[in-house]
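Below is one structure, written out as structure tokens, with a few remarks after it.
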Amino acid sequence: LGLSLSALAATALATPSPAPNPGDVIKAALNVSKFTLQTISLPDWKGGDLQIACELPSGPAVLALTPHSIRSDSFKLLVDDGRHLTLTDAPAPRTFKGEVFELVGGSTFVGRIRASLLDDGLYARIVMDDGSLYGIQPLSSVLPNSTRGDHVLYDMVDAVPGDWKCGVDAIGSP
């Protein structure tokens, strides 16, 4: 009996564990119980207003975004080269505010949005007129080898309770 248990233990140690289910990885990383995936066509943004098409639970929508800095008026970028600080021009802000329009039966205003368009994709918080709250973020923020346009959409009611808070709650809702 001792030999068979040792052999069984050695076999169990040698058997690789199955790869984690990508859906479970996404749920755990985003602390949500449900989500949907979609491909969002992102522009190569050089400045100015944006219109981004996406799919919300109620149907197709357009996110109408206007650049909006959350930097203070006294914001300065200082670079430390190890010897001294040098005042440097900051890159253009990549943060936006805007409106959400549903495209079902025309173009109807249905909510507000705050977003960032970063190198890996769109990060957004949407507040609908009916009180629904949605989050959008790049799939690559959870699964690094994902395609740039692939994004996760989740309803905030599906957020798993935890001991955390948003880092920008102090600036208010969109």
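The values are calculated or read from the model by the stated rules, or taken from the named source; none is laboratory data. Note that the coordinates shown come from a computational prediction; the quantities given were computed from them, not determined experimentally. Note: ideal-geometry Cβ built from the backbone for every residue, glycine included; neighbour counts use all protein chains shown. All accessible areas refer to the heavy atoms of the entire protein, side chains included, with ligands and DNA or RNA removed. Shrake-Rupley method; radii C 1.70, N 1.55, O 1.52, S 1.80 Å.
Here are the numbers:
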{"item": "Within the stretch 52-96, considering residues that are in a strand (DSSP E or B) and among the charged types (D, E, K, R), the one most open to solvent (accessible area, probe 1.4 Å)", "result": "80"}
{"item": "Of the criteria (1) among the aliphatic types (A, V, I, L, M); (2) in contact with a strand residue (DSSP E or B) (Cβ under 6 Å, 6 or more places away or on another chain); (3) open to solvent by less than 60 Å² (accessible area, probe 1.4 Å), which one residue 25 fails", "result": "(2)"}
{"item": "In the stretch 131-156, the residues that are in contact (Cβ under 8 Å) with a residue 12 or more places away in the chain and surrounded by fewer than 17 Cβ atoms within 10 Å (Cβ to Cβ)", "result": "132, 133, 143, 147, 148, 149, 150, 156"}
{"item": "Residue that is farthest from residue 47 (Cα to Cα) [pool: residues in the stretch 104-115 that are surrounded by 15 or more Cβ atoms within 10 Å (Cβ to Cβ) and aliphatic (A, V, I, L, M)]", "result": "110"}
{"item": "Qualifying residue in the stretch 79-94 (condition: among the polar types (S, T, N, Q) and modelled with pLDDT of 90 or more)", "result": "yes"}
{"item": "Filter result for residue 20 (part of a loop (DSSP other than H, G, I, E, B), of a type outside the set (Lys, Arg) and at pLDDT below 85)", "result": "yes"}
{"item": "Qualifying residue in the stretch 116-124 (condition: charged (D, E, K, R), surrounded by 13 or more Cβ atoms within 10 Å (Cβ to Cβ) and modelled with pLDDT of 90 or more)", "result": "yes"}
{"item": "Criterion violated by residue 44 - all others in (1) open to solvent by 60 Å² or more (accessible area, probe 1.4 Å); (2) closer than 21 Å to residue 139 by Cα; (3) in a strand (DSSP E or B) satisfied", "result": "(3)"}
